[in-house]
Amino acid sequence: MRKLLFESVFRQPLTERAPLPDDAAVAELATALGQAARRRLGRSLSIREVDAGSCNGCELEIHALNNAYYDIERFGLRFVASPRHADVLMVTGPVTKNMREALERTYHATPNPKWVVAVGDCARNGGCFAGSYAVVGGVSAVIPVDLHIPGCPPAPTAMLQGLLALLERADAGAVTL
Amino acid sequence: MPSLIDLTLEGRKVGQRRPWPRVVVDASVWTFAAAELAHGRWSLLGLWGEPATVHMAIMDGQTAEIAVVSLDCPNRSFPSVGRHHPPARRLERAINDLFGLSAEGSPDARPWLDHNRWGVRFPLGDRIDALPKAAPYRFLAAEGDGLHQIAVGPVHAGIIEPGHFRFTASGETVVRLEQRLGYVHKGIDGLMTGASLARGVQLAARTSGDSTVAYAYAFSRAAEAALDLVIPDRAVFLRALLAELERLANHLGDIGAICNDASFALMHAHCGVLRESVLRAAGAAFGHRLMRDVIVPGGVSRDIGADGVQAIRAALDNIRLRFPALVELYDNTASLQDRTVDTGTLKPPLARQYAAGGYVGRASGRTFDARRTLAYPPYDSLRFDVPVLDEGDVNARVWIRVREVEQSLSLIDQILSRLPQGPTRTEVPLGGEVRESMAIVEGFRGDVLVWLRLRNGLIERCHMRDPSWFQWPLLEAVIENNIVADFPLCNKSFNCSYSGHDL
């Protein structure tokens, strides 16, 4: 314990300052979240991640959000194991035809109010896989999307900015359903 | 016993085939090759189709000779290799799903990648309409008193790729695990057809996110071999630097994640910090944390600057400082060892039969490492050990990773200190007419194989084979007689790719 106390005098915490919400993301949210009820949820969001066909690159960077540098839980954001516990679905990948039904069922298993965040370039429009016989396309072709976070894959800070924007916008525009 | 060379002489050699021979054989030689595989004299490296042909890449384990044998299938069928040699079975099921070429005599004719959702059957062969209603997928039977099934996925509880696992358990003990994959099939083989090399390497780099460097590397080497292209020395070394950074980042992440599945979150936290330091250094040096789209045919698209070198050296110093204490913690924590030692044991004969690549094979006595066995540059001039263990349990797979982290640290040092000056990219000629080649590169997970045929500079056919094809079935084998709760440990210690497999 003495060693720990001693070291903590010299070592800075790994966790970094929270990034500022991204302006473009805020703009995209303005219309989507107009009617959203934020007040009920309090300042916390539970996220269910759904890989609907990604190459796993986005998942690697989503994983990174949980490491000590980003420590996403300090923002009140946490990843949960079941869609039934979730407020937000973070969906990656060009939705493959083999995953379409699983994505739909996950969406319907998520209680209202809920938001869908499409993560990565593939999730926007299928990315470089668009046009394949095996791919539906972007996430919005299957379920309604509230926010896109671009990138291949987006860096963890870009995802944090997008998610923070989701929270801030939702807080400001709290409207009861 | 005929050598691979003798065998290839029996067939009709195909011109411009680099760097290994490809021969067109008849059904009897094809079946003979399958029997040699079954007897363990050769290893299966890959098995893939074209609209009316099947190809099989094989390696002689003694001499590291490699050859591709091809069989024309005018009747839309070929003698099953999987009938004699089980590692071929899933590959044959995939060939049937994509091309409509059936493996005659195969003991398993169920679909694999095709879930009857594409709207077509045989999308890369003679397309026909999908079935109006597909029969439910028939899982293999496990019968006995008190057995119960546990169905998991395709959407899993964590941040994981999708796939389905069907456990049959007796109490807590797993009697049988059966995987069903194909959920992330994106039709990459189909998208490659007719693509330019620039688009091809972009697709290759998005085949499996954690191996984006390895795939771009293998694809580019295949393209360059086909075009007889020599790339600048600096690019040769930078590619190895990228590959070792990718290996380092993935191993560090995996060591932590395996421990996390034994509830040892402390290791996960510290390893996550080290992994992050590698990604940040990669981002500083190459402009992308996962180093995507840096390797391209002809060389590399980005050079490294002095500050990039400094960022990588700083990350390495940090890992050298912190990693040994974590290894000691792993080695001296009984509760952790209790979960990893003797868990999920892969016996060496089975690893050999499946030609298991990467840490899965090397933790079970298999010495193959493409960097050493095939010694492609610059690895032929770098010093490194290939760690091998025989125990084959989760613990052994952790230790192989630990040793490979140490080797990668040393390799990166050597590469940085010997980095040649000069250009990093050379112009890619169009090539003209037909050019063919194959390349094998050691990714963090094992050997990534890319086979390529170009026509007038465009891709006529490209097939990529992830090491996971031969690792997934072994995961089914090792979980048997372990408890359900040990599955995450076994699974994470394999860390097979879904996207790379489903393609």
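The values are calculated or read from the model by the stated rules, or taken from the named source; none is laboratory data. Treat the numbers as computed from the prediction; the structure is a model and nothing was measured. FYI the Cβ positions are ideal-geometry reconstructions off the backbone, even for glycines, and counts take in every protein chain you see. Only protein heavy atoms, including side chains, enter the accessible area calculation; ligands, DNA and RNA are left aside. Shrake-Rupley method; radii C 1.70, N 1.55, O 1.52, S 1.80 Å.
Structure notes:
- Looking only at the range A:87-108, and only at residues there that are part of a helix (DSSP H, G or I) and within 9 Å of chain B (Cβ to nearest Cβ), the one that is surrounded by the most Cβ atoms within 10 Å (Cβ to Cβ): A:L103
- Residue that is in a helix (DSSP H, G or I), open to solvent by less than 40 Å² (accessible area, probe 1.4 Å) and among the charged types (D, E, K, R), where the choices are B:R352, B:R371, B:R403, B:R320: B:R371
- Filtered by the rule that a residue be touching a residue at least 60 places away in the same chain (Cβ under 8 Å) and touching a helix residue (DSSP H, G or I) at 6+ places or on another chain (Cβ under 8 Å), the range B:374-391 gives B:Y376, B:P377, B:P378, B:Y379, B:L382.
- Every residue from the range B:258-275 that is under 18 Å from B:D338 (Cβ atoms), part of a helix (DSSP H, G or I) and open to solvent by less than 20 Å² (accessible area, probe 1.4 Å): B:I258, B:C259, B:M267
- Residue match in the range B:36-58 (condition: in contact with a helix residue (DSSP H, G or I) (Cβ under 9 Å, 6 or more places away or on another chain), of a type in the set (A, V, I, L, M, F, W, C), open to solvent by less than 20 Å² (accessible area, probe 1.4 Å) and assigned to a helix (DSSP H, G or I)): yes
- The one condition in (1) away from chain A (no Cβ under 14 Å); (2) part of a helix (DSSP H, G or I); (3) of a type outside the set (A, V, I, L, M) that B:D189 fails to fulfil: (1)
- Scanning the range A:57-86 for residues that are among the aromatic types (F, W, Y) and within 28 Å of B:M291 (Cα to Cα), we see that the one that is farthest from the other protein chains (Cβ to nearest Cβ) is A:Y70.
- When B:A88 is tested against (1) more than 24 Å from the chain's Cα centre (by Cα); (2) over 19 Å from B:R461 (Cα atoms); (3) open to solvent by less than 10 Å² (accessible area, probe 1.4 Å), only condition (1) is not met.
- Residue match in the range B:294-309 (condition: at pLDDT 95 or above, open to solvent by less than 60 Å² (accessible area, probe 1.4 Å) and either part of a helix (DSSP H, G or I) or under 27 Å from B:C490 (Cβ atoms) (or both)): yes
- Cβ-Cβ under 8 Å pairs, at least 6 apart or on other chains, the range A:83-110 side at negative phi and without any contact (Cβ under 8 Å) to a residue 24 or more places away in the chain, far side open to solvent by less than 10 Å² (accessible area, probe 1.4 Å) and among the basic types (K, R): none
- Residue pairs whose Cβ atoms lie under 7 Å apart, separated by 6 or more positions or on different chains, with the first residue in the range B:320-348 and of a type in the set (A, V, I, L, M, F, W, C) and the second open to solvent by 50 Å² or more (accessible area, probe 1.4 Å), are B:L326/B:H270.
- Considering (1) touching a strand residue (DSSP E or B) at 6+ places or on another chain (Cβ under 7 Å); (2) at pLDDT 95 or above, the lone condition that B:E480 does not fulfil carries the number (2).
- Scanning the range A:122-160 for residues that are of a type in the set (G, A, S), within 15 Å of the chain's Cα centre (by Cα) and open to solvent by 30 Å² or more (accessible area, probe 1.4 Å) yields a count of 3.
- Failed item, numbered, when B:Y183 is tested on (1) at the interface with another protein chain (Cβ under 10 Å from one of its Cβ atoms); (2) over 22 Å from B:W112 (Cα atoms); (3) not β-branched (V, I, T): (2)
- Residues being under 18 Å from B:T173 (Cα atoms), among the aliphatic types (A, V, I, L, M) and in contact with a strand residue (DSSP E or B) (Cβ under 6 Å, 6 or more places away or on another chain) - total across the range B:459-477: 0
- Hits in the range B:465-496 - residues which are within 14 Å of chain A (Cβ to nearest Cβ), touching a helix residue (DSSP H, G or I) at 6+ places or on another chain (Cβ under 6 Å) and closer than 16 Å to B:I258 by Cβ: B:K492, B:N495, B:C496
- Residues that are outside any loop (DSSP other than H, G, I, E, B), without any contact (Cβ under 8 Å) to a residue 60 or more places away in the chain and more than 10 Å from chain B (Cβ to nearest Cβ) within the range A:118-142 comprise A:A118, A:R124, A:N125, A:G137, A:S140, A:A141, listed in sequence order.
- Subset of the range B:276-290 that is part of a loop (DSSP other than H, G, I, E, B) and surrounded by fewer than 24 Cβ atoms within 10 Å (Cβ to Cβ) - its residue that is farthest from the other protein chains (Cβ to nearest Cβ): B:G287
- Residue match in the range B:417-426 (condition: hydroxyl-bearing (S, T, Y) and more than 24 Å from B:P19 (Cβ to Cβ)): yes
- Residue list for the range B:116-174, restricted to those being assigned to a strand (DSSP E or B), within 9 Å of chain A (Cβ to nearest Cβ) and open to solvent by 40 Å² or more (accessible area, probe 1.4 Å): none
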